[in-house]
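Q: The structure is given below, and queries will be raised subsequently.
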Amino acid sequence: MSMFADLDFTQLEGTGEQLMIINGERLAAMSGEMTSVIDPSTGRWIGSSPAADKADVDLAVAAARRSFDSGIWRNKSAADKQNILWRASDIMERHAAELAKLEALNSGMLLSMAQGTIAGSVQAIRYYAGMATKIYGQTTEVSGEHGQFLAYTLREPLGVAALIIPWNVPVLLTVIKVAAALAAGCSCIIKPSEETPLTALRLADFFAEAGVPKGVINVVTGYGHTAGAALSEHDGVDKVAFTGSGHVGKLIVRAASGNLKKVTLELGGKSPVIMFDDCDIDRAIQGTADGIFTHCGQICVSGSRLYVQRTLFDRAAEGLAAIAGNLKVGHCFAEGTQIGPLISQKQRTRVMGLIASGIEQGGELITGGKAFDGPGFYVSPTIIANPHLDSRVLKEEIFGPVLTMMAFDDIDDVVFHANNTTYGLASSVWTDDVNKAHLLAKRIQAGFVWINCHAMADISLPGGGYKQSGWGREQGLEGLDGYLQTKTVYAALRQ
Ligand code: NAD
């Protein structure tokens, strides 16, 4: 493992002691409690943020509610909303280098990946800036005497949206929600993960500088079971947009039932990768390795279950083991690092436990399976072949650099196994047979099917889960729909 790079993080804006943002003001939690923010690449302290609780959430919801009810944002012209959002994207672009460093420092993602996700976030804001001027209702010819009635629909903002974010890709996952919510005219409260609150606070600064009025974007930091739970059950919140684990997703659905607020859920996955013996084998092996080891496997769409046609199995195992064994594990800023740390010691303990259980339950360790001593939360890229069908390593989302691989003989067999999961987020198929690829794309139960690639995304394309991987869609036009509601207006005209 490479030594960590000695970045002087104190020079980086957004580190150190931070305050939340409520109604445009920087505030501590009423209790005075703070949470520590850790650099997962070194395990060292890089900042603190307020541990908000119910009383702080009440304040933030009241601010968002006031801003929404006053119309200060939602009644702005569509062109003004568009221009302000676009300005925010320009400001973010100007700060891209600094923001990428902060994102990498706090989440442990490689600096190159952070730079890519910040560029993607700038694009996402611009996409939804344009959408602000493209919100259309409909008119229809209703029955009755011609001209007697006029009927049309209006698309209106849902109201106050609570945006609850995980730690793995904080800026992009926040921006996708905030930009769509603002384009629709909603006011919002962002609740970043307690592990990665720093970049959300910087983002809110950029939107404020661009001209988003105070109270329209509030940021409440703190733990999920306190701040997150208070938001989810709050009667002043009209919608929760959540990205995170299925377990918490279910808690949110229960909490939301009090006022039947709308809920969208982007949850986890256990995504299958299907490799046929007629594929471009070198490309498929590299694509599969990238699909699981990027960001140390901490991506919701990571391809964690590989099904390889039996004739290709040994070659695929050898190729993947060679790549995994040679990946340079290290600090996200260090020269040449190819795979960074997991987010926390807790997550590393969990991942190591799952690897051990996979081997105990009959899986063959092909490579990896080690946790490194010393600072930072590193685990070596790991491949387990032929785990038992009921083993946890095959059924549970690991969210770590762990690939399981199994052989298959025919297409019905592999479709059955690919779909034999409670998840349904993503999948990929590797074959040069176009016909087979598209037939399979129809049979796989997942929100994404990639053909000869993995984890490709574009802000114009909707993303979300089948089965227990989620409710609703984000990104694209459907992402905007999640923050709008439809009103039908039916008027009798005097003749
Ligand atoms: P998590 O569910 O533990 O936490 C996500 C957020 O929910 C955090 O902000 C947390 O503080 C908050 N939270 C926790 N308990 C809460 C409660 N009781 N009420 C309200 N909020 C609460 O998830 P995580 O560990 O931060 O992230 C990893 C998970 O996120 C993985 O399962 C991953 O697959 C999923 N994820 C999904 C997508 C997607 O688009 N489908 C994208 C990224 C991550």
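The values are calculated or read from the model by the stated rules, or taken from the named source; none is laboratory data. Computed from a prediction, not measured in an experiment: that's the story for all the values here. Counting neighbours? That spans all protein chains shown, and the Cβs are built from the backbone with ideal geometry, glycine included. Each accessible area value is taken on the protein alone, full model and side chains, heavy atoms only, with ligands, DNA and RNA left out. Shrake-Rupley method; radii C 1.70, N 1.55, O 1.52, S 1.80 Å.
Q: Please identify the trypsin sites (Lys or Arg not before Pro) of region 1-95 that satisfy two criteria: DSSP loop assignment and at most 13 other Cβ atoms within 10 Å. Which are they?
A: Taking region 1-95 and a limit of 13 other Cβ atoms within 10 Å, no loop trypsin sites (Lys or Arg not before Pro) are found.
Q: On to the next question. Quick check: convex hull of the Cα atoms in region 277-366, volume per residue, rounded to a whole Å³?
A: 110
Q: In deg cm²/dmol, rounded to 500, what helix-only [θ] at 222 nm does the chain give when every DSSP H run of at least 4 residues adds -39500 (n - 2.57) and the total is split over its residues?
A: -11500 deg cm²/dmol
Q: Relative to the longest principal axis of the chain, what angle (0 to 90°, nearest 10) does the C-alpha long axis of helix 434-443 take?
A: Result, in degrees: 60.
Q: How much length is gained on full extension from residue 411 to residue 260, taking 0.36 nm per residue of separation minus their Cα-Cα distance?
A: Taking residue 411 through residue 260 to full extension adds about 50.1 nm, to one decimal.
Q: Let me ask you something else. Note down the relative contact order for region 370-495 as a percent, whole number, built from C-alpha pairs under 8 angstrom at least six residues apart.
A: Value for region 370-495: 16 percent.
Q: Where Rh denotes the Kirkwood radius from the mean inverse Cα pair distance, what is Rg over Rh for region 148-274?
A: 1.03
Q: List the aspartates and glutamates whose Cα lies under 16 Å from the Cα of residue 436, skipping any in the same chain that are fewer than 8 positions away.
A: Cross-link targets: 277, 278, 280, 409, 410, 412, 413.
Q: Positive end of the dipole of the chain, charges at C-beta (+1 Lys, Arg; -1 Asp, Glu), about the Cα centre: which of 351, 143, 231 has its Cα farthest in that direction?
A: Of 351, 143, 231, it is 143.
Q: Counting residues in region 188-345 as N, plug N into 2.2 N^0.38 Å and put the Cα Rg over that result.
A: 1.38
Q: Helix 313-326 against the longest principal axis of the chain: what's the angle in degrees, Cα atoms only, rounded to the nearest 10?
A: Once rounded, the angle reads 70 degrees.
Q: Please state the relative contact order of the chain as a whole percent: Cα pairs under 8 Å, 6+ residues apart?
A: Result for the chain is 18 percent.
Q: For the pairs 328/370; 134/239; 76/191; 250/442, note any where the Cα-Cα span goes beyond 18 Å.
A: 134/239; 76/191; 250/442
Q: Right, another one. Just flag the trypsin sites (Lys or Arg not before Pro) in region 132-205 sitting in loop per DSSP whose Cβ has no more than 15 other Cβ atoms within 10 Å.
A: Answer by residue number: 134.
Q: Taking 1 over the mean of 1/r across every pair of different Cα atoms in region 252-319, what Kirkwood radius in Å do you get?
A: 14.2
Q: On C-alpha positions alone, give me the angle between the axis of helix 78-94 and the longest principal axis of the chain, in degrees, nearest 10.
A: Approximately 40 degrees, to the nearest ten.
Q: Okay, next question. Note down the Stokes-Einstein diffusion coefficient of region 381-476 in µm²/s, whole number, using a Kirkwood radius over alpha carbon pairs, 25 °C, and 0.890 mPa s.
A: 167
Q: Using label points projected 7 Å from each Cα along Cα→Cβ, tell me how many nm separate residue 318 and residue 360, to one decimal.
A: Each label point lies 7 Å from its Cα, and together they span 3.4 nm.
Q: Tell me the trypsin sites (Lys or Arg not before Pro) within region 431-495 that lie in a loop according to DSSP and have at most 11 other beta-carbon atoms within 10 Å.
A: Hits after loop and neighbour filter: 494.
Q: On a full-extension model of 0.36 nm per residue, what is the gain between residue 435 and residue 214, subtracting their alpha-carbon distance, rounded to one decimal in nm?
A: Full extension from residue 435 to residue 214 adds 74.2 nm.
Q: Also: Counting only protein heavy atoms and a 1.4 Å probe, tell me what percentage of region 37-162's accessible area is made up of carbon and sulfur.
A: Of the solvent-accessible surface of region 37-162, carbon and sulfur hold 53 percent.
Q: Let me test this: with uniform point scatterers at the alpha carbons of region 60-110, what is the Debye-based log₁₀ I(q)/I(0) at q = 0.14, 0.16, 0.20, 0.22 1/Å?
A: After summing over all Cα pairs, the log10 values are -0.61, -0.71, -0.80, -0.82.
Q: How far, in nm, would the chain grow between residue 493 and residue 30 when pulled straight, counting 0.36 nm per residue and subtracting the alpha carbon separation?
A: Taking residue 493 through residue 30 to full extension adds about 161.1 nm, to one decimal.
Q: Putting +1 on Lys and Arg Cβ atoms and -1 on Asp and Glu Cβ atoms, find which of 48, 422, 61 reaches farthest to the positive end of the dipole of the chain.
A: Sorting the options by dipole projection puts first 61.
Q: Kindly state, as a whole number, the per residue volume in cubic angstrom of the convex hull around the alpha carbon atoms of the chain.
A: 154
Q: Follow-up. Going from the alpha-carbon gyration tensor of region 291-438, what semi-axes, largest first and in whole Å, does one get by taking the root of 5 times each eigenvalue?
A: 26, 17, 14
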